[in-house]
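Worksheet: one structure, shown below.
The values are calculated or read from the model by the stated rules, or taken from the named source; none is laboratory data. Just so it is clear, the structure is predicted and the values come from calculations on it, not from any experiment. Every residue, glycine among them, receives a Cβ derived from its backbone with ideal geometry; neighbour counts consider all protein chains shown. These area figures cover heavy atoms from the full protein model, side chains too; ligands, DNA and RNA do not enter into them. Shrake-Rupley method; radii C 1.70, N 1.55, O 1.52, S 1.80 Å.
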Amino acid sequence: MAKAVESSGELGTTSPRPLMRDLKAVGKKFMHVLYPRKSNTLLRDWDLWGPLILCVTLALMLQRSSVDSEQDGGPQFAEVFVIIWFGAVTITVNSKLLGGNISFFQSLCVLGYCILPLTVAMLVCRLVLLAEQGPINFMVRLFVVIVMFAWSIVASTAFLADSQPPNRKALAIYPVFLFYFVISWMILTFTPQ
């Protein structure tokens, strides 16, 4: 009887180990994006936790702070969220239609994790926007967004290029370029209320 109570007590407790394991896996994938190199780790052990965290973070930072959202011309949380996920799904379907040998969720994982540089760009732009608006402020933001846009493209192509047939790589990379360009444009044109 004591063993039954003991084992039922163990079932009710939760261990932080699975959470720490997932956080470490997300951290490793962030490092793969920060230092892009040809590796199948990001493709092999795919998850959607990191892309979800990045998407929510970016959407929250891009959300305007005005109370009256009808007079606010900027993107709202749901709009950013939908643009990111719809864009990633569209690129993934394009990749599959071009004959890519990558699974649907692997592609979503790579595209989502490669938003990390753009999320960092948004954070830097928010900090720069705390200073006075002016041409130098804009030039700093433009430089940061261009560098992080290029970083996102390089990181995503490092993982996705090998999954496409050689004669169709440009057709697969072009939508990725447009996807990150739209996100970069939203970041660059963001101005606080």
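Here is a list of conditions, (1) open to solvent by 70 Å² or more (accessible area, probe 1.4 Å); (2) in contact (Cβ under 8 Å) with a residue 24 or more places away in the chain; (3) in a helix (DSSP H, G or I), and Val120 meets all of them except one; can you say which number that is?
(1)
Write out, first by first residue and then by second, each pair whose Cβ atoms fall under 8 Å of each other, whose residues are 6+ apart or on separate chains, and whose first residue, in the range 31-60, is more than 27 Å from Val82 (Cβ to Cβ) and open to solvent by 40 Å² or more (accessible area, probe 1.4 Å) while the second is among the acidic types (Asp, Glu) and modelled with pLDDT under 85.
Lys38/Asp162
Does Val140 count as among the β-branched types (Val, Ile, Thr) and open to solvent by less than 50 Å² (accessible area, probe 1.4 Å)?
No: the conditions fail for Val140.
Taking Asn94, is it more than 19 Å from Met61 (Cα to Cα), touching a residue at least 60 places away in the same chain (Cβ under 8 Å) and loosely packed, with under 14 Cβ neighbours inside 10 Å? Lay out the reasoning, then the answer.
On the way: more than 19 Å from Met61 (Cα to Cα): yes; touching a residue at least 60 places away in the same chain (Cβ under 8 Å): yes; loosely packed, with under 14 Cβ neighbours inside 10 Å: no.
Spelling it out, it is not the case that Asn94 is more than 19 Å from Met61 (Cα to Cα), touching a residue at least 60 places away in the same chain (Cβ under 8 Å) and loosely packed, with under 14 Cβ neighbours inside 10 Å.
Looking at this structure, is Ala155 in a helix (DSSP H, G or I) and under 21 Å from Ala59 (Cβ atoms)?
On the way: in a helix (DSSP H, G or I): yes; under 21 Å from Ala59 (Cβ atoms): yes.
Answer is yes for this residue.
Being in contact (Cβ under 8 Å) with a residue 40 or more places away in the chain, open to solvent by less than 30 Å² (accessible area, probe 1.4 Å) and over 23 Å from Gly27 (Cβ atoms) is the requirement here; does Arg168 meet it? Quick ask: steps written out before the conclusion?
Values: in contact (Cβ under 8 Å) with a residue 40 or more places away in the chain: yes; open to solvent by less than 30 Å² (accessible area, probe 1.4 Å): no; over 23 Å from Gly27 (Cβ atoms): yes.
No: the conditions fail for Arg168.
Please enumerate the residues belonging to the range 29-72 that are over 23 Å from Val154 (Cβ atoms) and either at pLDDT below 80 or of a type in the set (D, E, K, R) (or both).
Once the filter is applied, which keeps residues that are over 23 Å from Val154 (Cβ atoms) and either at pLDDT below 80 or of a type in the set (D, E, K, R) (or both), the range 29-72 yields Arg64, Ser65, Ser66, Val67, Asp68, Ser69, Glu70, Gln71, Asp72.
Do you know which residues across the range 158-189 are outside any helix (DSSP H, G or I) and out of contact with any helix residue (DSSP H, G or I) (no Cβ under 6 Å at 6 or more places or on another chain)? Spell out the reasoning first.
Our first condition is that a residue be outside any helix (DSSP H, G or I); within the range 158-189, this holds for 164-165, 189.
Passing the criteria: Pro165, Thr189.
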